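In what follows, a structure is listed as structure tokens, so that the remarks can point back to it.
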Amino acid sequence: MAVALGLNFHHDTSAALLVDGRLYAAEEERWSGLKHHRPHGRHKGVLTLPAASLDWCLNAAGIDPHQVDSVWAAGMRPTPAGGEWLATEHQELAALLPDPLGRRLRLMSHHTAHVLSGYLISGLDHAAGLVIDAGGSSLGLDFGTARERVTGFDLRPGHIERIHQAMPDLTPSPGGIERIHHSLGHFYRNMAHRVIPPGDEAEGSMMALAAYGDPARYRHAIGELIRHGDDGTIRITAPYGSADTRTPLPLGSRTWTQDSAGVVPLAERADLAASVQEAFAAAVVHIARHLRQLTGAPALVFSGGCALNSHLNGRLAEAAGFDEVFIAPAPHDAGTAVGAALYGWHHHLGHAPLPAPTDAGWGPLPGEVAYGDLPEGWHMLPDLDRQFTPAVAGLLSEGRILGWVQGPMEFGPRALGHRSILAHPGRAETRDRLNRIKQRASYRPFAPAVLATHAPSWFTGNGDPFMNRVTRVRSDRAAEVPGVVHHDGTARAQMVHAGHTGLEPLLQAFHQRTGVPMLLNTSFNLKGTPILRTAAQAAHAAAVLGLDALAVGTTLLISDSLAPSEPALERSA
């Protein structure tokens, strides 16, 4: 038996365990109920043991800590003045772990863990790797607190070569050496906080709003902030490539700050969002083209928080000259635990990489709904047995909105058909009701989950199994599914392949009933909280949100507001 453990102690705390080629992985936020597992006021750099997710991984696999052969984690602590940062962080992290895991812990670069979380499950041979985020591991004492921002790799089986690294500018100042950081991750977040009011997820909301804007309005001004170098470098005007969102941004006759996000008219904010999205995408493409020239690789593995930009991802391969782009289910920081486990499995223990997955159901099962969990005003239907899936498809075909909790929990930020809210994609009024239920801005789109075999009839490009890229909806089909088509005619399509236990049978039944091989699929959570984990949490959330029904395993819960004589249920009986 071979066992490799990967851990992330920083932002998006998580654990991943590989046992004889089977992957178990989960994020700590699903137990704590705090998004990113970061209590209010806690600094992002605070180290936290992923205690619950680690315990679950070990227990689910039936593994004792003494049976773990390899333990790896991504280092990320900035360099203290005059200190040996790696040794200090290693000691602190090791002390958080139970024996003997702490004694076996080794650290690797944050960006290496990011890129391997994709490459070692991509099924690719030779690939370029690109990691872009706000910041990663320290670059070393010569650069003080400077950290990884943009990193390029040449990747082959058993081989990791770092070939491109964004570096800070070191500029003399009255207070000493000033470091000007060129972080595209910070740039995008910096701009998002000037566009999106507090209370909404800033980066994702700005990406959605960009579809409504005209990038020409601020194209020149925003373009001037990011300069492209011949060697694939980028330079961002200070301080907009850093976390400093207090410095005003003058554009035309208006000054943009965090306070302006709540008062500037939506149309103006959409124009700025469009300009930022365009400039950001152009910078990433510029770097990716450079990596294509350096490596000659036919494929790109893209990771880091910026790889959650699904609008960019949909055009990155073609724009940068690659045949394909692979993006892991969790390119954000939680995925570094998977990358660390895969590194231990492949590079440390010498086993072959895992095959490319078509699902990311690597987490815990939800359990069953007990009668004590039944919310007031809800009832549980008798066991429907083989009629369960047709009954659910019938409810959805009638425009009902339903919670869907099936099998192992997804790893990553997207609900992929295991902890989802589902609805008919062909009903605009259902989409509008769901926006109210989830308290979302009306400009944010919902994503379709579509049977992969039927996708070419509905979409012109390639989606992926993890909702990580947008693709254009065929113009002659868009009117049939208005609930999942964004303002620019695109959709972030999840391709559901054969064997997806969470969604494929239901999609088949819905297709037979309606002729539509897809469903609107969004995350099952309350506003401001992570995607839920258990059946009991699902029952509570279904009642709070005002859903029509909840399906857990083969158990169907119905709101009393939905009459028992609902025609869809009668037809399925």
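The values are calculated or read from the model by the stated rules, or taken from the named source; none is laboratory data. Please read all numbers here as calculations on a predicted model, not as lab measurements. A quick note on method: Cβ atoms are made from the backbone with ideal geometry, for glycine too, and the neighbour counts reach across all protein chains shown.
Look at (1) out of contact with any helix residue (DSSP H, G or I) (no Cβ under 9 Å at 6 or more places or on another chain); (2) under 22 Å from CYS306 (Cα atoms); (3) free of Cβ contacts under 8 Å to residues at least 60 places away in the same chain and you find that SER122 fails only one, number (3).
If you go through region 382-392 and keep only what is aliphatic (A, V, I, L, M) and at pLDDT 90 or above, you end up with ALA391, VAL392. Reported count of residues in region 65-90, each being at pLDDT below 95 and either in a loop (DSSP other than H, G, I, E, B) or touching a Ser or Thr at 6+ places or on another chain (Cβ under 7 Å) (or both), is 12. The set of residues from region 314-373 being under 24 Å from HIS290 (Cβ atoms), in contact with a Ser or Thr (Cβ under 8 Å, 6 or more places away or on another chain) and outside any helix (DSSP H, G or I) comprises PHE326, ILE327, ALA328, PRO331.
Test ARG472 against the criterion of being in the same structural domain as GLY528 (by TED's automatic domain parsing), in a loop (DSSP other than H, G, I, E, B) and either more than 24 Å from the chain's Cα centre (by Cα) or not polar (S, T, N, Q) (or both), and give yes or no.
In short, no.
Of note, PHE510 satisfies the criterion of being touching a residue at least 40 places away in the same chain (Cβ under 8 Å) and either over 24 Å from ALA328 (Cβ atoms) or assigned by TED's automatic domain parsing to the domain that holds PRO215 (or both). Considering only region 236-258, state which residues are part of a loop (DSSP other than H, G, I, E, B) and surrounded by fewer than 17 Cβ atoms within 10 Å (Cβ to Cβ). Passing the criteria: THR237, PRO239, ALA243, ASP244, ARG246, THR247, PRO248, GLY252, SER253, THR257. Return yes when THR358 is of a type in the set (S, T, N, Q) and either out of contact with any Leu (no Cβ under 6 Å at 6 or more places or on another chain) or buried (at least 24 other Cβ atoms within 10 Å of the Cβ) (or both) and no when it is not. Yes; evaluated as a whole, the condition is true for this residue. One residue is enough: does region 288-297 have a residue meeting the conditions closer than 19 Å to GLY185 by Cβ, touching a residue at least 40 places away in the same chain (Cβ under 8 Å) and either in a loop (DSSP other than H, G, I, E, B) or within 22 Å of the chain's Cα centre (by Cα) (or both)? Yes, because at least one residue in region 288-297 is closer than 19 Å to GLY185 by Cβ, touching a residue at least 40 places away in the same chain (Cβ under 8 Å) and either in a loop (DSSP other than H, G, I, E, B) or within 22 Å of the chain's Cα centre (by Cα) (or both). When LEU402 is tested against the conditions (1) closer than 22 Å to ALA543 by Cβ; (2) touching a Lys or Arg at 6+ places or on another chain (Cβ under 6 Å), the lone failure is (2). If you scan region 232-263, which residues turn out to be farther than 24 Å from GLU148 by Cβ and in contact (Cβ under 8 Å) with a residue 24 or more places away in the chain? Selection gives LEU249, LEU251, GLY252, TRP256, THR257, GLN258, SER260, ALA261, GLY262. Scanning region 384-432 for residues being of a type in the set (S, T, N, Q) and assigned to a helix (DSSP H, G or I) gives a total of 4.
So for region 339-354 (the condition being surrounded by fewer than 24 Cβ atoms within 10 Å (Cβ to Cβ) and under 19 Å from the mean Cα position of the chain (by Cα)), does at least one residue qualify? Within region 339-354, not a single residue is surrounded by fewer than 24 Cβ atoms within 10 Å (Cβ to Cβ) and under 19 Å from the mean Cα position of the chain (by Cα). Apart from one condition, TYR218 fits all of (1) in contact (Cβ under 8 Å) with a residue 24 or more places away in the chain; (2) in contact with a strand residue (DSSP E or B) (Cβ under 8 Å, 6 or more places away or on another chain); (3) surrounded by fewer than 22 Cβ atoms within 10 Å (Cβ to Cβ); (4) not β-branched (Val, Ile, Thr); the exception is (3).
Scanning region 533-573 for residues that are of a type in the set (D, E, K, R) and modelled with pLDDT under 95 turns up ASP560, GLU566, GLU570, ARG571. When we screen ALA60, ALA16 for residues that are crowded, with 20+ Cβ neighbours inside 10 Å, modelled with pLDDT of 95 or more, within 21 Å of SER117 (Cβ to Cβ) and in contact with a Leu (Cβ under 9 Å, 6 or more places away or on another chain), the only hit is ALA16.
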